Amino acid sequence: MPSSKKKKSKQKKAANVATATTGVSVNDLEFDSEAAVEQLNNARAAVGLNRVDPRPKKADRLPDYPACDGCGSEYCGTMECTACGSAFYCGRSCQVNHWKNGGHKADCSTLKERSQSIAKSTVEKLMDESSPPLIRVQVLHDDPLDGSGPYKFAVDYGLHDAIYNAFKVDQEGVVENHTNDNPLYRCCLTQWLMQSLFRGERISRVHHGNNSFGKVDGGRIQGYIHSHPDDGLQVWWKASLESAMVFLHPKISATPDESFRCHQMARDIWAMWTYTFASKRASECILLTHDKAACLERASWMIKQMKPYLSKLQSAREGVDKGEVIQAYFNKVPAMIAAQCRELANVTSLDPVKLLKLRGLHKKMYENIAKPHGEDMIRRKRAADTERSKEILRKAGVFVGE
């Protein structure tokens, strides 16, 4: 019987043969080319070696580049204004245009001091646990941290801890707060934080004079998750799940105005999650934690956590979940998670149907509606409009009336 040392030497020689044959080594397997992976595995099989899987690409770690204050493009603000250190640009043309036409010439001399002051007061108010939730988030009403400078300073002052603590409040007591007799407690911190701090298209919204947006800022999400690597995502995820159930509470559902407001709250949060998994940067930092096995483990955990909440939605009284919108999001988001796992880490064994225990009509809704819509959103980086949705449904074999 050969010694383990001789066996390892023989395996190493065989691996070298496979590498020489293909020009690809196991150490090169952090790439997207399925053809190269298959080529190497065929060569390894020919010399008696087991198959190997490509390692998923890890998301870039902090520090990360902020968005450009000129055009709004995300995580490309590599040029910093040396005078104020509070404005960032993707190139000289954006810097010059913002200086001449964007107001930076007038703001530059005092921008750093003002940005620091805004950042510090914003974080302090968000961290004030003695205040009711609505008072804490009112500071975000006028979008004080839209600019990259104020946001950068806010991170320095502890913004990520403030976000984490706010998610924790919703995770542990969002339903209780919304049934409180004091209206100042009937507020969802998660909704405010996701729609104010994590949203994308901040600059373009200002330029076009509207309040709509359809993207998240993957760089900001990455910064938060990397600041709390142990449980930052988990707390955020559970807060989102708990917040989605508020409108089902008997006291809430019995009051039409409150029911409508809380249903809209759930809709806002879970629409943001679809934007999140339509973003490659955000998906990478959420799913690519270590290797392929870890990616599968995290994605499976997220989907399994949704199961009891989805069951509540499925058994809710008819009409409470208007148009079954929240239930639709609870099908679409797992489909997008599975699609990103395949795309980013070559994880093909994740099965939301099995994890969510979908049967009958619920399974058909997932396969024919949620899955194709989620995958289309990832490809096109935006949600489908009415006409596009009809086209998706027709391709899935679903009858769509004119």
Solvent-accessible area, 1.4 Å probe, carbon plus sulfur percent, for segment 123-162: 49 percent
When each of K332/K390; K168/K215; K215/K280; K251/K357; K238/K304 is checked by Cα-Cα distance, pairs over 21 Å: K168/K215; K251/K357
Over 19 Å [Cα-Cα, segment 293-393], rounded percent: 43 percent
Accessible solvent surface per residue of segment 298-402, calculated while the other protein chains remain in place, 1.4 angstrom probe, Å²: 53 Å²
Stretchable slack from D128 to A83, in nm (0.36 nm times residue separation minus alpha-carbon distance): 12.9 nm
Spatial extent of segment 106-188: Rg and Dmax, with the Cα atoms as the point set, Å: 14.3, 48
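The values are calculated or read from the model by the stated rules, or taken from the named source; none is laboratory data. Because the structure is predicted, anything quoted here is derived from the model rather than measured. Each accessible area value is taken on the protein alone, full model and side chains, heavy atoms only, with ligands, DNA and RNA left out. Shrake-Rupley method; radii C 1.70, N 1.55, O 1.52, S 1.80 Å.
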